[in-house]
1. Here is a list of conditions, (1) surrounded by fewer than 17 Cβ atoms within 10 Å (Cβ to Cβ); (2) more than 24 Å from residue 247 (Cβ to Cβ); (3) out of contact with any strand residue (DSSP E or B) (no Cβ under 7 Å at 6 or more places or on another chain), and residue 161 meets all of them except one; can you say which number that is?
2. Being outside the structural domain of residue 57 (by TED's automatic domain parsing), touching a strand residue (DSSP E or B) at 6+ places or on another chain (Cβ under 6 Å), farther than 30 Å from residue 57 by Cα and assigned to a strand (DSSP E or B), is that true of even one residue in the stretch 140-158?
3. Would you confirm whether or not the stretch 205-225 contains a residue that is within 12 Å of the chain's Cα centre (by Cα), at pLDDT below 90, buried (at least 17 other Cβ atoms within 10 Å of the Cβ) and over 30 Å from residue 255 (Cβ atoms)?
4. Which members of the stretch 162-205 meet the condition of being part of a loop (DSSP other than H, G, I, E, B) and free of Cβ contacts under 8 Å to residues at least 40 places away in the same chain?
5. Among the numbered criteria (1) surrounded by fewer than 16 Cβ atoms within 10 Å (Cβ to Cβ); (2) modelled with pLDDT under 95; (3) in contact with a strand residue (DSSP E or B) (Cβ under 7 Å, 6 or more places away or on another chain), which single criterion is violated by residue 234?
6. When you look at residue 101, is it on the phi > 0 side of the Ramachandran plot, in a loop (DSSP other than H, G, I, E, B) and touching a residue at least 40 places away in the same chain (Cβ under 8 Å), yes or no?
């Protein structure tokens, strides 16, 4: 009579082979996963031999947005009268801006304040002068050809408290990312050159540092006084281009 092993010998051998194949595949996948993990910045074992390279990127780009802000304020004997005066002036400016092609969604009130105004009197007494109301409005001009027209509207409507235009970008991160990509490419090229000069190979990136450069676009700011806005209905406001920079450093493991 055959023993159990003799009876099922072929089946046992096949099972052992199948289990062995599965174990080999499992170990292969584990090794591949571990090797792949070394591709990520800062992953894996600590690097003993490294080099550090720097990269610089610059982008010269014309701004696509001009931002203004203006304040209308008035003081009257009562709050309602001051509110009426301020609202009338703001509505006039808003109406002229819309007529010039500025979308209403880009004309927004930033703040609205109302408070009593006192003047000092004898023996620290205070006398009520009236009630002050002020409204601050922000405008974003997407069509830069209208920038000078907007400034002229302020002069025509007698607005004297104005800031702007601040020339910049609707999405400053997009421009900064563009400059950073150039900086990274520059650093990678420097790493290849340095590795070749040293006779070593680049293994992986150990660390990355974004030094920030100028931190993004630098807006062009022009504060306009009462004399500026009243002197000419359409003041000259060149837009030019803005220089955006980025600086990065990359640490490579070498062997």
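1. Of (1) surrounded by fewer than 17 Cβ atoms within 10 Å (Cβ to Cβ); (2) more than 24 Å from residue 247 (Cβ to Cβ); (3) out of contact with any strand residue (DSSP E or B) (no Cβ under 7 Å at 6 or more places or on another chain), only one is false for residue 161: (3).
2. The answer is no; no qualifying residue exists.
3. Yes, the stretch 205-225 contains at least one residue that is within 12 Å of the chain's Cα centre (by Cα), at pLDDT below 90, buried (at least 17 other Cβ atoms within 10 Å of the Cβ) and over 30 Å from residue 255 (Cβ atoms).
4. The answer is 171, 199.
5. Failed condition: (3).
6. Spelling it out, residue 101 is indeed on the phi > 0 side of the Ramachandran plot, in a loop (DSSP other than H, G, I, E, B) and touching a residue at least 40 places away in the same chain (Cβ under 8 Å).
The values are calculated or read from the model by the stated rules, or taken from the named source; none is laboratory data. On a predicted model such as this, the values are computed, not experimentally measured, just so you know. Methodologically, a virtual Cβ is constructed for each residue, glycine included, from the backbone with ideal geometry; neighbour enumeration extends over all protein chains shown.
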